[in-house]
Amino acid sequence: MSGQHTPLPYWVIAPFLGGSGTLWWGVLAWGVIGAALTAALVHSRDRRWWGGALAGLVTGGAGGVLLLAPLWFVLMPLLDRRCQRCGALSVATAAACSRCGAEFTERGWAETLSGLANNVARVVITLELALIAGGIVLELSGKDALNTYRVLFEWGLGTPRARANSLLAATPLILTGLGTAIAFRAGIFNVGVEGSLYMGALAAAWVGFTFTDVPGLLLIALAFAVAAVAGGLWGLVPGYLKARLRVDEVVTTIMLNYVAIEFTSYMVQSGPFFVPGMANAMSKTIAKQAQLPRLIKGSQFNATFFLALVCVVVVLLIMTRTRLGYETRLIGDNPLFARWSGVLVGATILQVMFLSGALGGLAGAGQVLGVHYNFTARFSRGFGFDGLTIALLARNSPVGVLIGALLFGALRSGGTTIELFTDVPIDLVDVVQALIIFFVAVDLNLDFLSRRRRAAQPQEPVATPAA
Amino acid sequence: MDWVNLAAATLRISTPLLMVGMAGLLSYQVGLINIALEGMMLGGAFAGVVIGYEAGSTWLGVLGATLIGAALGALFALAVITLRANLIVSGLALNFLATGGTAYLMDILYDQSGTLAPQGLQKLPVVQLPLIEDIPTLGRIVSGHSPLVYVSWVLVPLTAIFLYRTVVGGHIRAVGEHAEAARTAGISVRRMQYLALILGGALCGLAGAHLSLGDLPLFREKMTNDRGFIALAAVYFAAARPGWTALACLLFGFFEALQFRLQLQKTSVPNEFLQMLPYVMVVLALVVISVRKEWRKGW
Amino acid sequence: MTLLRMTGITKYYPGVVANDGIDFEVEEGEIHALVGENGAGKSTLMKVLYGMEKADAGQIYLHDQPVNIPNPQAAIRLGIDMVHQHFELVPSMTVAENVALGHEPRRGLFVDRAAMLERVRALSEQFGLRVDPAAVVADLSVGEQQRVEILKLLYRNARLLILDEPSAVLTPQEVDDLFAVLRRLVAEGRTAILITHKLREVMAVCDRATVLRHGRVVGTVRVAETQPETIARMMVGRELEVIRRTQTQPPGEPVLVVHNLHVRDDRDLPAVRGVSFTVHAGEIVGLAGVEGNGQRELVEALVGLRAVETGEVVLMHQPVTEAGNRRRRALGMAIIPEDRTRQGLSAPSTLTENLVATRYHRPPYSRNGILALRPMRAFAQQAIRQFDIRVRGPNVRVRTLSGGNAQKVVVARELAEVPRVLIAAQPTRGLDVGATQFVHGELLRLRQAGTGILLISADLDELLALADRLLVIFEGQLVGEMTPETATRERLGLLMAGRGVAAEVESVSQG
């Protein structure tokens, strides 16, 4: 507030609020974005882009994404294509009429753009709806929503130290987000990255305080490697059950999370890693040379962040350029087709679950080597579940996970200081997170307005939402 | 080891598990995995304390808790059935909403964090069963509990009767097992699913009330302590049969009670392994079910 | 007296006209057969009658009153009810509970179990449907379960009962029991429509039969006055000018040998019962049969996706009975699956991803686990050219393609390299004339190049035009083998419908 530089992202989100010079940049930015999106969307229907562009410019300028959201709701159903032969409505991206099969004439670049606009709009709108809903909650509680959000962004992104803390908070989220995302991409609903995180953390701590004679860099590398293996092996348990015995992975991974939490707690509370005389349930402190140095004064930001960035690149490469990535995507897209094409689905599931767990293990190791310097029972503040949220929001894309993790990290980091400067409790962040997940869950089926119109035609009976 | 005390504690600790177990049962029978039991219970616990305090009556708090639980159940149903949101994700969302929301409200409304123990809020009266309390050992175990403990015992046969003897219960089971058959028979699948989730929510709310009003009248953040998942584990383990589910809940309650007492004494079996037990058992149960299915297909 | 009249019923599905101006009439108190091959339109017509589909044109009359049937509940209220091929029973409930589902006799909030049992028992005796009302459905045999389904219809006061391929899941003994039940029903004043492709049923128990072909009514006959051959001919059509393949060539080595294969279906019933045959290099073996006679399970067993109960499969002289799909493909097997969209393609994936699905793990498309994107793209572009796939580029998502185009993708993937053995299951189903001709051209090209092809089809024109040898499958067994020169549509139709089984089985059982 006083003396704090209000970062641009805040104005980008709510350009019509406040009165600073940066306001107009926000308006302009959203005007352009709004114009481009709307133009693409309208063009794909009518082949006349200037009308859409004008509309987008106005709405973008007037309220940015806040107005774009309802516009999107209105626009999407209007983009349904009407078949010339039989008059039925089909979804905008269809190539042929869903009822009579008549092919639609080709469209060109506008179709790609409208697809892109669609994806961007969904992410932005989901986040935005969650923030708006959070804002409503704040207002109903008698708090100043705008001020709260301003503080949130300032303390998340305002000073170098704040930014460092945001990056620090984002680090484990990037890794757990990646781990969850690759499993999701293969169609495996792996909720168990939290468990792998704990196993990896324990393993890293063990390496850290056992091999005290090994030189620094080697020890660190060893710790991370062992943590990845530990997390990966933990991920193989539900993976094997799914691949070999077709046991549903949702319940098993949730349950195994608790097993991991309890097991690792046991190890330090009464098991082999128990340190007599310690008040808290902590393991021995790891060797000095294994402790990752604090890179920015006043923050625990450490090199694990860069490891996480590397992992983003690695996962991206794996997904796009390797056999495993191809198999993962194919199984996620159509597992039956994968089988019919000779893909060894079981083997792929095992590999994916190992990789997923390994990333979780790295996240845990990062916390041990970079933040706590030991293993403390139940230390995770829900990194695994945050990762899940991010993977959902990013629709499993590695770059999307990175962006989502950065945003979330800022949110969490800024959130911790909210309590000091406003009278809003930190739990607001949990509420916003819940809202994000909720809106993502609904969004996964959110073209329902468009569906409603199409459903008004006679169609096949629709199945119930079964488990 | 004071076995009498342990037995009494088992009954007390099993109560929320029994109620949530029945709620999980209802969801399972209607064909929806309910991950959100935890959140509904927590919401109920919070509502119990707040409403009990504001209204000046603990029983009104219990009622409020039940209603809030039902409301959360309705919200969950709205998301999953009407809005077609993903079942698992919505369940997780509701849980997060409950954890964050209760902590948030606690701060907003009462400027407290961590624990909410309003002055003047009474816990539920202890019930002494007339004749039974005089029986030597049994009396000490069975009598002298909070009334919700006895309610939970009644709920088990009540749920069984509801599911297996009433018309509506039969419809719920049909919807869960073969929705198409139910639909052609003229049953509204959505209505049954809504009903099961709302009833389940109410039961979870009631369980929450027991947690927050049954012993020490207070609300603590995350006080449900994953009991929702343990109860879900019991349902899976018992393949959604009421009697076996109740037994599983009692068993898990026993382990929890035992584990408290063992913490005071030094024993060879670490607490954490006891706490792990329900989860491991679920995984084992699922494995056994799958193995049997594969066996019949001939691997 | 006419009970039901459907006039001018027309129904479109994407790319196909399922019902084309159908007039259909049922008299009260008769058992009326609705006969035809797959794709003839019988299921669609009954779905319209039962309210599961809405006709695009036409009208339904009950007792000469026009009626509107928007959903199954409305049909049931009008007294029209249906027993589906896949039963709608709740396995854990008893017979009585299933029969009375939705209309239970009540006592307050509770089910009046005694009354329910009594009513069901009375019904079962009245109609001769022997089932124990207190038995749990999961424990019953399939035949008994079907009786429960019929009881359900009767409990709901059905006057017109539709049975969809009822004998598909029954043993011969159970089929006779069913016939007795049907006669009893009629004696008690009900009417029945029997959807079937089996002549035995039509001749044994039906009063009249209406034959459909390609969505139109071919004719309605009185069974007692008609020969089965006539009905079979109506089902499959007269002899037409057929495009024959160019010349016979002497068959090469056996590339696919199947010996005494027994395979079970998802319900654990025997679907393939002792099938033996050989496919040689450079020959097209056609397998004729109405869908649902074991072809699906046979194909799944041949491609390595369904376990075999007994028997052997030998591919390129290698035993592959236990081998998985990848190994069989490695030995030179290619597959055009029956379900194009679910088994043959991945809709959300790109064209390139679809095209390389069977070869991505081999050089030059990947080395040491890394994909080689350029060769993949080259392959895709080559395939687009070679097979004339109408797309903007190799990165379009396959879900945007039309039916014919999509099938080209499947063909391109499977046939880009000349396979040793090709299993083609209903390869031209749902395709227009142009696309069909394209596929046929490809099959002949491969035959010329020495591929051994097993062509499974319900389309006799296709089989007669392309196959060097024809086999007929009925109820999981091979019931006939002939060359196209000696085959007539009538003979084939009869065999496909289960007639003439005895004599033919002898000649085929040696494989």
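Please work out which residue is farthest from C:Thr350 (Cα to Cα), limiting yourself to the range A:334-363 and to residues that are among the aliphatic types (A, V, I, L, M) and within 11 Å of chain C (Cβ to nearest Cβ). By that ranking, first place goes to A:Ala347.
Listed by position, the helices (runs of 4 or more DSSP H) contained in the range A:366-467 that have at least 3 residues being away from chain B (no Cβ under 12 Å), modelled with pLDDT of 75 or more and farther than 22 Å from B:Thr102 by Cα are A:398-421.
Of the residues A:Ala169, A:Ala201, A:Ala181, A:Ala186, which is at pLDDT 80 or above and touching a Lys or Arg at 6+ places or on another chain (Cβ under 6 Å)?
A:Ala169
Within the option set A:Ile254, A:Ile331, being in contact with a helix residue (DSSP H, G or I) (Cβ under 8 Å, 6 or more places away or on another chain), more than 14 Å from chain B (Cβ to nearest Cβ), within 22 Å of A:Arg185 (Cα to Cα) and in contact (Cβ under 8 Å) with a residue 12 or more places away in the chain holds for one residue only, A:Ile331.
One line per residue, one yes/no per condition, for (1) at pLDDT 95 or above; (2) open to solvent by 20 Å² or more (accessible area, probe 1.4 Å):
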site: A:Ile220; (1), (2): no, yes
site: A:Phe224; (1), (2): yes, yes
site: A:Ala230; (1), (2): yes, yes
site: A:Ile254; (1), (2): no, no
site: A:Met282; (1), (2): no, yes
site: A:Lys288; (1), (2): no, yes
site: A:Ser299; (1), (2): no, no
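When A:Gly231, A:Gly239 are screened for being more than 14 Å from chain B (Cβ to nearest Cβ) and closer than 30 Å to B:Ile289 by Cβ, only A:Gly231 passes. Comparison of C:Arg326, C:Arg342 shows that the only residue that is charged (D, E, K, R), within 30 Å of C:Glu253 (Cα to Cα), open to solvent by 10 Å² or more (accessible area, probe 1.4 Å) and facing chain A (nearest Cβ under 8 Å) is C:Arg326. Which residues, taken from the range C:304-323, are open to solvent by 10 Å² or more (accessible area, probe 1.4 Å), in contact (Cβ under 8 Å) with a residue 24 or more places away in the chain and of a type in the set (Val, Ile, Thr)? Selection gives C:Val308, C:Thr310, C:Val314.
So, in the range B:174-194, of the ones that are at the interface with another protein chain (Cβ under 7 Å from one of its Cβ atoms) and not in a helix (DSSP H, G or I), which residue ends up nearest to C:Val136 (Cα to Cα)? The extreme case among them is B:His178.
Just one of the listed residues (B:Leu121, B:Leu129, B:Leu148, B:Leu155) is modelled with pLDDT under 90, open to solvent by less than 70 Å² (accessible area, probe 1.4 Å), under 21 Å from B:Gly43 (Cβ atoms) and away from chain A (no Cβ under 14 Å), and it is B:Leu121. Residues in the range B:96-107 that are open to solvent by less than 20 Å² (accessible area, probe 1.4 Å) and more than 7 Å from every other protein chain (Cβ to nearest Cβ): B:Ala98, B:Thr102, B:Met106. Among the residues of the range C:353-365, those identified as surrounded by fewer than 21 Cβ atoms within 10 Å (Cβ to Cβ) and either more than 7 Å from chain A (Cβ to nearest Cβ) or among the hydrophobic types (A, V, I, L, M, F, W, C) (or both) are C:Arg359, C:Arg362, C:Pro363, C:Pro364, C:Tyr365. The residues of the range C:275-315 that are farther than 14 Å from C:Val257 by Cα and either within 14 Å of chain A (Cβ to nearest Cβ) or aromatic (Phe, Trp, Tyr) (or both), listed by number, are C:Arg296, C:Glu300, C:Gly304, C:Leu305, C:Arg306, C:Ala307. In the range C:338-365, the residues that are farther than 22 Å from C:Gln426 by Cα form Cβ pairs under 7 Å with partners that are of a type in the set (Phe, Trp, Tyr) and in a loop (DSSP other than H, G, I, E, B), at six or more places apart or across chains, as follows: C:Val356/C:Tyr365; C:Arg359/C:Tyr365.
Among the residues in the range C:425-435, are any among the charged types (D, E, K, R), under 17 Å from the mean Cα position of the chain (by Cα) and at pLDDT below 90? Within the range C:425-435, one or more residues are among the charged types (D, E, K, R), under 17 Å from the mean Cα position of the chain (by Cα) and at pLDDT below 90. Among the criteria (1) in contact with a helix residue (DSSP H, G or I) (Cβ under 7 Å, 6 or more places away or on another chain); (2) modelled with pLDDT under 95, the one A:Gly195 does not fulfil is (2). Being surrounded by 15 or more Cβ atoms within 10 Å (Cβ to Cβ), within 12 Å of another protein chain (Cβ to nearest Cβ) and of a type in the set (Gly, Ala, Ser) is the requirement here; does C:Ala75 meet it? Considered against the rule, which asks whether it is surrounded by 15 or more Cβ atoms within 10 Å (Cβ to Cβ), within 12 Å of another protein chain (Cβ to nearest Cβ) and of a type in the set (Gly, Ala, Ser), C:Ala75 comes out as yes. One residue is enough: does the range A:262-277 have a residue meeting the conditions at pLDDT 95 or above and among the acidic types (Asp, Glu)? No, every residue in the range A:262-277 fails to be at pLDDT 95 or above and among the acidic types (Asp, Glu). Filter the range C:80-98 for residues that are more than 10 Å from chain B (Cβ to nearest Cβ) and hydrophobic (A, V, I, L, M, F, W, C); which is surrounded by the fewest Cβ atoms within 10 Å (Cβ to Cβ)? Here the answer is C:Val83. Going through the range C:201-228 one residue at a time, which ones are assigned to a strand (DSSP E or B) and open to solvent by 10 Å² or more (accessible area, probe 1.4 Å)? Listed by number, the residues that qualify are C:Arg208, C:Arg213, C:Arg216, C:Val217, C:Val218, C:Gly219, C:Thr220, C:Val221, C:Arg222. State whether the residues of the range C:467-475 include one that is more than 12 Å from chain A (Cβ to nearest Cβ), in a helix (DSSP H, G or I) and of a type in the set (Val, Ile, Thr). No: the range C:467-475 contains no residue that is more than 12 Å from chain A (Cβ to nearest Cβ), in a helix (DSSP H, G or I) and of a type in the set (Val, Ile, Thr).
At pLDDT 95 or above and either open to solvent by 40 Å² or more (accessible area, probe 1.4 Å) or part of a helix (DSSP H, G or I) (or both): is that true of A:Thr320 in this structure? So A:Thr320 fails the test. Scanning the range A:376-393 for residues that are among the aromatic types (Phe, Trp, Tyr) and within 11 Å of A:Gly364 (Cβ to Cβ) turns up A:Phe379, A:Phe383. When restricted to residues that are buried (at least 23 other Cβ atoms within 10 Å of the Cβ), within 14 Å of another protein chain (Cβ to nearest Cβ) and touching a helix residue (DSSP H, G or I) at 6+ places or on another chain (Cβ under 9 Å), the range C:20-55 contains 1. Among the residues of the range C:386-440, those identified as polar (S, T, N, Q), surrounded by fewer than 17 Cβ atoms within 10 Å (Cβ to Cβ) and not in a loop (DSSP other than H, G, I, E, B) are C:Gln386, C:Gln437.
Scanning the range C:267-303 for residues that are of a type in the set (D, E, K, R), at pLDDT below 90 and either out of contact with any helix residue (DSSP H, G or I) (no Cβ under 9 Å at 6 or more places or on another chain) or open to solvent by less than 30 Å² (accessible area, probe 1.4 Å) (or both) gives a single hit, C:Glu291. Considering (1) on the phi < 0 side of the Ramachandran plot; (2) within 8 Å of chain A (Cβ to nearest Cβ), the lone condition that C:Ile336 does not fulfil carries the number (2).
The values are calculated or read from the model by the stated rules, or taken from the named source; none is laboratory data. Being a predicted model, the structure only gives us computed values, none of them experimental. Because the Cβ atoms are built from the backbone with ideal geometry, glycine has one as well, and the counts that use them run over all protein chains shown. Ligands, DNA and RNA are stripped out before the accessible areas are found, and what is left, the full protein with its side chains, is counted by its heavy atoms. Shrake-Rupley method; radii C 1.70, N 1.55, O 1.52, S 1.80 Å.
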